[in-house]
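*Asks:* My structure is below; once you've seen it, I'll send some questions.
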């Protein structure tokens, strides 16, 4: 870890592929198909399944209460950001291209090639909202929330 003043310290002997974290002095690290929370104090916590096959970043809810991991192309898992405890896993029968949190952190949109799904948190069932035509693919859409 390198601080702004140029001083540095070693946190671990392992090499990680790093992703932006959701709180100060914290990042996510990927190593051997596993995701970890790495904090500046040197604490490293394993998150999620024994094997994480997709290279998508962990997705944290706007209120920083929930963390979603895309475990594979069609499986998403929910974790608590306080303890990284597994809460729920959902499997969709299609490749998930994009996940967008609601601004109030009460649910997410899951965009696949053929459909748009809504999933309420923390334990809802995926609801198919819209089917997309082959020309107007869902995966090319952006989901935003209006006030």
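The values are calculated or read from the model by the stated rules, or taken from the named source; none is laboratory data. Since the model is a prediction, treat every value here as computed from it, not as a measurement. Counting neighbours? That spans all protein chains shown, and the Cβs are built from the backbone with ideal geometry, glycine included.
*Asks:* Within the stretch 107-128, does at least one residue satisfy the condition of being surrounded by fewer than 18 Cβ atoms within 10 Å (Cβ to Cβ), closer than 24 Å to residue 14 by Cβ and modelled with pLDDT of 85 or more?
*Replies:* No; the residues of the stretch 107-128 include none that is surrounded by fewer than 18 Cβ atoms within 10 Å (Cβ to Cβ), closer than 24 Å to residue 14 by Cβ and modelled with pLDDT of 85 or more.
*Asks:* Inside the stretch 57-80, can you point out the residues that are over 13 Å from residue 35 (Cα atoms) and buried (at least 17 other Cβ atoms within 10 Å of the Cβ)?
*Replies:* Answer for the stretch 57-80, where residues must be over 13 Å from residue 35 (Cα atoms) and buried (at least 17 other Cβ atoms within 10 Å of the Cβ): 60, 61, 66, 76, 78.
*Asks:* May I ask you to list the residues in the stretch 91-104 that are under 13 Å from the mean Cα position of the chain (by Cα) and either more than 21 Å from residue 23 (Cα to Cα) or at pLDDT 90 or above (or both)?
*Replies:* Answer for the stretch 91-104, where residues must be under 13 Å from the mean Cα position of the chain (by Cα) and either more than 21 Å from residue 23 (Cα to Cα) or at pLDDT 90 or above (or both): 96, 97, 98, 101.
Table: residues versus (1) in contact with a strand residue (DSSP E or B) (Cβ under 6 Å, 6 or more places away or on another chain); (2) over 22 Å from residue 122 (Cα atoms); (3) modelled with pLDDT under 90.
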residue	(1), (2), (3)
8	yes, yes, yes
20	no, yes, yes
27	yes, yes, yes
41	no, yes, yes
52	yes, no, yes
61	yes, no, no
88	yes, no, no
